[in-house]
Each structure stands twice: as C-alpha cells, then as structure tokens.
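The values are calculated or read from the model by the stated rules, or taken from the named source; none is laboratory data. Because the structure is predicted, anything quoted here is derived from the model rather than measured. FYI the Cβ positions are ideal-geometry reconstructions off the backbone, even for glycines, and counts take in every protein chain you see. The area values use the complete protein model at the heavy-atom level, side chains included, leaving out ligands, DNA and RNA. Shrake-Rupley method; radii C 1.70, N 1.55, O 1.52, S 1.80 Å.
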Amino acid sequence: MTEDNKQDGKPEDLLNLTAKREEFLDNFFKRGAHFTAELLGEIDSLRKKVSNLSEENANLQIHLASDDAIKDLLVKIEKLEEDKHKLRTRMKDADDENRNYIDRYTVVEAELDAMANLYVASFQLHSTLAPEGVLSVLDQMLMQFVGAASFAIFLRQPGDGEDQLIPVHAFHCNNVQGTTVLWNEGLIGESAATQINYVGDPSIRREDDQPLACIPMVLGNETVGVIVIYGLLEQKEKFVEIDFELFKLLALHSASAIIGAGLFSQTGGIAASLNEYKRL
Amino acid sequence: MAEYTCLVVEDSPMMRQLITFALSRIKNLSVVEADDGVDGLKKLAQGRFDIVITDINMPIMDGLKLVKRIRSDAIHKDVPIMIITTEGAEEDRQRALQLGANSYITKPIQAPQVISKVKELLKM
C-alpha cells in the first residue's frame, strides 16, 4: 500500500494542490471581500468627511459674507460719523450765528430803547418855553427816566468874588433850601467848575446830604448850574448805561432849555421873540 | 386796522410818549392816551379796549381808584390792567394786585420789559 501510494502519488498531490488552490481562492475572495468592505467603509467615511467639509465651507462662506457686510456697515458707520461731525459743526456754527444774532438783537434793542429815552427827553425838554415847564420836565426826567427819588437844581449866581450856586428847585430834599454852594468847593462846586459829571456808586453808604451824582449844565463854555441827585428810588439799585447817556443829554440840553425859557419869559412871549429875528 | 387797542393812562407827557413809543413796536396794537384816571374812564366809555396801562400817582383820580372802577365796569371788568409806577414797595405792589391789576412794573421802565408783558397779557 505504501508502495502503491508512492507509485501513484500524483493524485494525492493533485488533491492537495486543488485544496490549496481552493483555500487560496477562498482566502483571496475573503480578503477581496474584506478589502472591498474596508474600501466601502473608507469611502463612506470620506463621504462623511466631504460632507462635513462642505458644510464647514458653506459656514465659512456665510461668515465671510457676514464679514463683508460688517465691513460695509463699518464703512457706513464711519461715513455717518463723518456726516454727524459735519452736521454738528454746522449746527454749532448755526448756533453761534444764532447767538450772535440774539446778542446783536439785544444790543440793538437796548440802543433803540436808549434812543427812545433820549428822543423823548430831548423832545420834552424843548417842548416848553416856560421856566416852570422846563423844571417840570427835568423833574419827570430825573424821577421817571433815571429813577431819582430826591434831587435839586442849583443855578449859578455871580458873586462879588467867586461865583456861587444856589438851589432853585428841590424834590424830596428840603435840606438844600437856603444853602449856598461855593464855586469849586465840594462835589457840587467842583463839578460846576470843572464841567465834569460826578456819578457815585449808590451801593456805598453815605450821608443824606452827600450828592450821589452831580451833572453840570453847560451852555457853550459856561456852566449854568448843576443838577444834583441825592437818592434813588427803592427799586433803582445802580446807574445803568442809559442813565449816563441821559446825564450827557441833561448836561448839554437842560442849560439851553433853562436859559431859553428864562429869556422867553422876559421878552413877552412869542410875538416879541419873533420880532427879535426881524431885526437880523 | 389794529387788532388790539391799549389805553395808556399817565399824567406825565414824557412817560406817555415813552410808553406809546415802546408799544408802537407791537404789531396790530393801537394806543389811546389819557392824562389821568378820570380822563381814562372817559376814554374807556368811548370804546372797547383790550388792555389798560396806568400809572398810580396821578391828579384827580389815581391809578388804584381807576383799577377799582374798571373791575366794576360791565364792559371792561375783565380787561388786563398793567401798572407802571415809581412806587417800588412790596405793599404797593400787593395792594395793586389785590385790587385787580394783572401786572406791576416799576419805573424807570425798559421798553422790552413793557412789550413782553403786554404781549403776555394779550396772549399774542
């Protein structure tokens, strides 16, 4: 048997070979199937990765788009900021201009007010040729326009030596009656001699008979007299710009009004006065 | 034609002129002047007024009596009254307001103040 087997060993080898071949094929196909399965798994995994990457890409694109939008918005904001700045500058300029107009308007108002006061005062001062009328106008001017509560009018009286000033009219200051002021002495006398207004500060305490303001009345180069203010109305706390303008007007116009009215009362009225012009 | 008429009662021609001058700056407002309280009442009886401005210290009839008379007048009892006076004491102000004055301004006056008050009283 052993010999037989040795003699016909070919079929056995063939069988082995067939088995090996089948095993090989089986292994081959198994490995092929396994490889295919692995490959499919990998493809699936890659598909998932591609899908994820696509999704990520889409997201990135959206981000990118929103970044662009933000950039656009930032540019717009910057432009709007510039516009806002320009508008603010223009508004400030307009505001400044407006304030300037208001200031100018206030100044014009004040000037108009002052001019109205001066016009009315001048108009009234020269509207009468009676001495008592002139004094009445001076009363009204001092009390109602300036706000003086007590005042007196001193007129110049030539003396043997130095000239003097005597009170001819007093309003709420009876203490001046009968007094005489020497030329160039005291505030009143000095004001008359120098022809310079004296205006004190009402807030500073002083004696009742101490003048608060002295306004010399001047005609040409001659002092006619002095208007003396002793006190102000309760509500009048200080002298204001218009008061100084009124003092200037009083200094210049009241003298001519007083002298004119005095002369007119001596001439015998309008007809006699006009006759004087016929001689010219 | 003026829309509003104002009666200015003031014995001082200077103040009358100054107040009238100030009021002339208000559009549609005409001014009638009176020398004292009695003259003021006469002028009131002759027409209709939208506002009365009066001084206090006046001969014949003072401003406070005029205020009382106006407040008892059938036609003008509701007319706004502004006092312009040299009397600056608080009791004078209170007395005038109690009698029926609507506004109280002390002299010396400033035109813008008067204009503004008149406009306020006339609701212009």
Can you list the equivalent-ellipsoid semi-axes of the range A:11-124, largest first and in whole Å, using the square root of 5 times each Cα gyration tensor eigenvalue? 106, 7, 4
Once amide H atoms are placed 1.01 Å from N in the peptide plane, what residues at a sequence separation of 5 or more from B:V32, or on another chain, have their amide H within under 5 Å of its amide H? B:C6, B:L7, B:V8
Write down the accessible area per residue of chain A in Å², having rolled a 1.4 Å probe over the full set of protein chains. 70
Calc'd 3J(HN,Hα), the range A:216-229, phi into Karplus 6.51 cos²θ - 1.76 cosθ + 1.60 (θ = phi - 60°), Hz, glycine/Pro = x, comes to x, 9, 10, 10, x, 10, 9, 7, 8, x, 9, 8, 10, 9
Helix hunt in chain A: which complete DSSP H runs extend at least 15 Å axially by C-alpha with mean Kyte-Doolittle at least 1.0? A:255-267
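Just to be sure I follow the definition: excluding the sites themselves, where is the longest run in chain A that has none of the trypsin sites (Lys or Arg not before Pro) in a DSSP loop with at most 13 other Cβ atoms within 10 Å?
Working: sites that count: A:R205, A:R206, A:K238, A:R279.
Longest run free of exposed loop sites: A:1-204.
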Toy charge model, Lys and Arg Cβ at +1, Asp and Glu Cβ at -1: the protein assembly as shown dipole around Cα centroid in debye, rounded to 20, equals 1440
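Rounded to the nearest 500, what is the 222 nm mean residue ellipticity of the protein assembly as shown from helices alone, with -39500 (n - 2.57) per DSSP H run of 4+ residues and division by all residues? The partial results should precede the final answer.
On the way: 12 runs with 224 residues, N = 404.
That comes out to -19000 deg cm²/dmol.
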If Lys and Arg each add +1 and Asp and Glu each add -1, what is the summed charge of the other residues whose beta carbon sits under 15 Å from the beta carbon of A:C173? -3
What whole-number distance in Å separates the alpha-carbon centres of the range B:1-67 and the range A:9-36? 139
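Quick one: order B:M61, A:M91 from most to least accessible surface, probe 1.4 Å.
Details: B:M61 25, A:M91 135 Å².
So, going from the largest accessible area down, we get A:M91, B:M61.
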Span from the the range A:213-280 Cα centroid across to the the range A:52-90 one, whole angstrom: 81
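Could you compute the net charge surrounding A:I242? Neighbours are other residues with a C-beta less than 14 Å from the C-beta of A:I242; K and R count +1, D and E count -1.
Working: positive: A:K236, A:K238, A:K248, B:K107; negative: A:E109, A:E111, A:D113, A:E241, A:D243, A:E245.
The answer is -2.
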Can you give me the P(r) profile for the protein assembly as shown? Cα pairs, bins 10 angstrom wide beginning at 0, each as a whole percent. 4, 15, 18, 15, 10, 5, 3, 3, 3, 3, 3, 3, 3, 3, 3, 3, 2, 1, 0, 0
Loop-resident sites, the range A:204-244, for GluC sites (Glu not before Pro), counting at most 16 other Cβ within 10 Å (DSSP): A:E207, A:E234, A:E237
The range A:201-280, Kirkwood Rh and Cα Rg, ratio Rg/Rh at 1.16
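Nearest-5 percent of antiparallel DSSP beta bridges in the protein assembly as shown? Let's see the in-between values first.
Working: 25 of 42 bridges.
Given both bridge residues lie in the protein assembly as shown, the antiparallel proportion sits at roughly 60 percent.
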For B:M58, which sequence-distant residues (separation of 5 or more, or a different chain) have an amide H within less than 5 Å of its own amide H, given hydrogens modelled in the peptide plane? B:G63
Debye equation applied to the C-alpha atoms of the range B:1-99, log10 I(q)/I(0) at 0.15, 0.17 Å⁻¹: -0.55, -0.71
Roughly how many Å is it from the Cα centre of the range A:178-210 to that of the range A:102-143, as a whole number? 24
Per residue, what accessible area does chain B have, given a 1.4 Å probe and all protein chains present, in Å²? 47
Charged-residue dipole, Cβ positions (Lys, Arg, Asp, Glu), the range B:4-121 about Cα centre, Debye nearest 20: 400
Please go through the residue pairs A:K238/B:K68; A:K238/B:K119; A:K84/B:K119; B:K43/B:K123 and name each one whose alpha carbons sit more than 32 Å apart in this structure. A:K238/B:K68; A:K84/B:K119
Non-local residues with an amide H under 5 Å from the amide H of A:A213, with H modelled 1.01 Å from N and Pro and chain starts lacking one, are A:G200, A:I229
Chains A and B: what accessible area do they bury, summed, in square angstrom to the nearest 100, with a 1.4 Å probe? 1800
